[in-house]
Amino acid sequence: MDPNAPSVFPTTDMGNYAPAMPAAGDLNDQLLNSDFWTDEMVAAAGIPIVDVPFVTIGGGIGSFVTVDYLRIAGVPTDQIRVLSAIDFPWQTYEYLTRVSQIPRKERIRSDSASRPDNIWGFPSYALSEALKNKNPKTLWQVFVEPMWADFYTPKAGMVFESMERERRRIRYDEMLVKGLVRIVRRRYGGGYFSILTPPDGVTGTKRVAFRSQFVHVAVGYPGLKYLPELQAYRTEQNDYRHIVNAYESHEHVYERLMQYPSTVLVRGGGIVASRVLQRLMDDRLINGANTTIVHLFRTFINGPNDGNTGNNPTKTSPFMRRKGADGWAYQGFNYPKSVWGGQLKRQMRKLEGEDRARLYKTMGGTNTPYRRYWQKQMAQGRREGWYQLAVGTVEQMTPNGERIVSHVRTPQGMIPIEADFVIDCTGLEADVAEHRLLKDLLEHGGAGRNPVGRLDVDRTFELRGTRSGNGVMYASGSITLGGYFPGVDTFLGLQVAAQEIADDLAKRGFGKRIGPRRSLSQWLKWANGTTI
């Protein structure tokens, strides 16, 4: 049978699952070992089949902004299904921001016009905040940033509330189907089967197959990768309370530091490290904690730098360097603004292979925005001796009673750093193959890797190698970092990807093109809160 033969399966009502065949309703060896599936193979396994043209897997902000574009492009809700294990699109993101010390009242690292609830970016967050508070202060900040003020960034709570409004407006919950997806396989005749494992008791079978022409994969970060010495200590000592990752829930650390004089070792030099430091310093300076902070940098930045060369500014153009001091590399956002619509975006779309990987290294690297508030805190801590800096790499961690000793190799030799708690803010990400769905796509779905090791997508965010007849699979978010468009794991980057995907789908007859007239009429509906 030709796997690229024209599709012949009908579109069925999505209101109910198709009845299961009298079988186990689960995956069998034949399905698990086959790269292409027939309708008969799925039916023989007793797995009910649901037909819908477009499926997005993940249900986070990447799925949300893609669905938002498609709804604005006129695609009805019964033509879209969101397969997700979470209840609302920002659920995972809000958890990560909260545990990394950015609760709803604090500001996230995002541009004023990067609105996942508003594809037009107008009004911006700054304008909306100014109108809500009847105070033009935020508008002035945008006007004079970054020379005379810090970059404006929105409060986390404002971002989540705005997405909640858009979620209701596009009737997102009508498209949401709860469950886990670990397998997507190509279908003989074209299209795909996305296998959902629903919550217990929801269906009469263990799996449900969503048969679609289009699939969008936006599962977020593959997972956390712990530093080897940190993971070894936690496992050997069975200690998960005194050594924590900043992306884990670790409020107990701050509670303990408020009660007793303690030393905490902070590792890392990015945005998460700066937020953790601000929390520790606020607790000391405002709430009375008696905490000594030892901050360990792997690479100490003390001047102009880029992602390739650290302290050496001679290898790149002066225009490709960012400021740095006191160990930090300073950059307003994850990437220079021109990656979203300027010369860097245009340049990246022309590069291939190692040339593209090299430019990613130059633009990337660990960095954090310059904030005057915590600059003053750090300066005070250095003067008074309770904020201490060290540079080196940890080779081993050993217990000393209830304290942890980190054996650090520095330019001056090995030194021990003893602390009551260690907070790791290095932000290491697991390889994409650590995620079961992504691993399956690499092994059975035809997907490949790009020059930096993530999933390889083309300029329309089609996942290369996964074409199935008239079926097309797309991917967006951090799993595609290294492609033709940088900044994919940002709000605006997710929207750029969604726009490319929606435009490509419109060319294939799925949804309408969002031209000037449609864009204006849909913005007016957005502004009025009109449900679509």
Within segment 463-476, the count of residues that are over 21 Å from residue 355 (Cα atoms) and open to solvent by 10 Å² or more (accessible area, probe 1.4 Å) comes to 4
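Each row is one residue, and each column tells you yes or no for (1) of a type in the set (Ser, Thr, Tyr); (2) surrounded by fewer than 22 Cβ atoms within 10 Å (Cβ to Cβ); (3) under 30 Å from residue 27 (Cβ atoms); (4) at pLDDT below 95.
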residue	(1), (2), (3), (4)
442	no, yes, yes, no
461	no, no, yes, no
526	no, yes, no, no
530	yes, yes, no, no
Conditions (1) open to solvent by less than 10 Å² (accessible area, probe 1.4 Å); (2) modelled with pLDDT under 95 -> residue 149 fails only (1)
Q) Is it true that residue 114 is surrounded by 20 or more Cβ atoms within 10 Å (Cβ to Cβ), at pLDDT below 95, of a type outside the set (Asp, Glu) and out of contact with any Lys or Arg (no Cβ under 9 Å at 6 or more places or on another chain)? A) yes
Residue 483 fails exactly one of (1) at pLDDT 95 or above; (2) assigned to a loop (DSSP other than H, G, I, E, B), namely (1)
Expected single match for open to solvent by 30 Å² or more (accessible area, probe 1.4 Å), farther than 30 Å from residue 298 by Cα and either modelled with pLDDT under 95 or within 25 Å of the chain's Cα centre (by Cα) (or both) among 177, 181, 215, 202 is 202
Considering segment 486-501, residues that are open to solvent by 10 Å² or more (accessible area, probe 1.4 Å) and not polar (S, T, N, Q), and then whichever is modelled with the lowest pLDDT, we arrive at 489
Counting only residues that are more than 23 Å from the chain's Cα centre (by Cα), over 19 Å from residue 418 (Cβ atoms) and small (Gly, Ala, Ser), segment 268-295 contains a total of 1
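Yes/no matrix, rows are residues, columns are (1) open to solvent by 20 Å² or more (accessible area, probe 1.4 Å); (2) free of Cβ contacts under 8 Å to residues at least 40 places away in the same chain:
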{"residue": "219", "(1), (2)": "yes, no"}
{"residue": "236", "(1), (2)": "yes, yes"}
{"residue": "240", "(1), (2)": "yes, yes"}
{"residue": "262", "(1), (2)": "no, no"}
Residue 132 vs (1) open to solvent by 50 Å² or more (accessible area, probe 1.4 Å); (2) touching a residue at least 60 places away in the same chain (Cβ under 8 Å): all pass except (2)
When every residue in segment 277-306 that is of a type in the set (D, E, K, R) and farther than 21 Å from residue 99 by Cα is compared, the one modelled with the lowest pLDDT is 306
Only one of 49, 102 is among the hydrophobic types (A, V, I, L, M, F, W, C), more than 30 Å from residue 446 (Cα to Cα) and open to solvent by 10 Å² or more (accessible area, probe 1.4 Å), namely 102
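Matching residues to (1) under 15 Å from residue 177 (Cα atoms); (2) modelled with pLDDT of 95 or more; (3) among the aromatic types (Phe, Trp, Tyr); (4) not in a strand (DSSP E or B):
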{"position": "6", "(1), (2), (3), (4)": "no, no, no, yes"}
{"position": "10", "(1), (2), (3), (4)": "no, no, no, yes"}
{"position": "41", "(1), (2), (3), (4)": "no, yes, no, yes"}
{"position": "56", "(1), (2), (3), (4)": "yes, yes, no, no"}
Of the candidates 397, 378, the one satisfying the condition of being of a type outside the set (Asp, Glu), open to solvent by less than 20 Å² (accessible area, probe 1.4 Å) and within 15 Å of residue 274 (Cα to Cα) is 378
So, first residue within 15 Å of residue 472 (Cβ to Cβ) in segment 204-216, second residue in a loop (DSSP other than H, G, I, E, B) and open to solvent by 10 Å² or more (accessible area, probe 1.4 Å), Cβ within less than 7 Å, six or more apart or across chains; the pairs are 211/9; 212/53; 213/7; 213/53; 213/470; 214/53; 214/510
Given (1) on the phi > 0 side of the Ramachandran plot; (2) of a type outside the set (Val, Ile, Thr); (3) open to solvent by 10 Å² or more (accessible area, probe 1.4 Å), residue 191 misses just (3)
Yes or no: segment 59-78 includes at least one residue that is open to solvent by 40 Å² or more (accessible area, probe 1.4 Å) and at pLDDT 95 or above. yes
- [ ] Check segment 224-245 and report whether any residue there is modelled with pLDDT under 95, basic (Lys, Arg), more than 22 Å from the chain's Cα centre (by Cα) and within 30 Å of residue 55 (Cβ to Cβ).
- [x] no
Restricted to segment 307-364 and to residues being open to solvent by 70 Å² or more (accessible area, probe 1.4 Å), closer than 26 Å to residue 390 by Cα and among the charged types (D, E, K, R), the residue modelled with the lowest pLDDT is 321
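The values are calculated or read from the model by the stated rules, or taken from the named source; none is laboratory data. Keep in mind that what you see is a predicted model, and the values were worked out from it rather than measured. Here the Cβ is made from the backbone with ideal geometry for all residues, glycine too, and neighbour counts use every protein chain on show. Heavy atoms of the whole protein, side chains included, go into the accessibility calculation; ligands, DNA and RNA do not. Shrake-Rupley method; radii C 1.70, N 1.55, O 1.52, S 1.80 Å.
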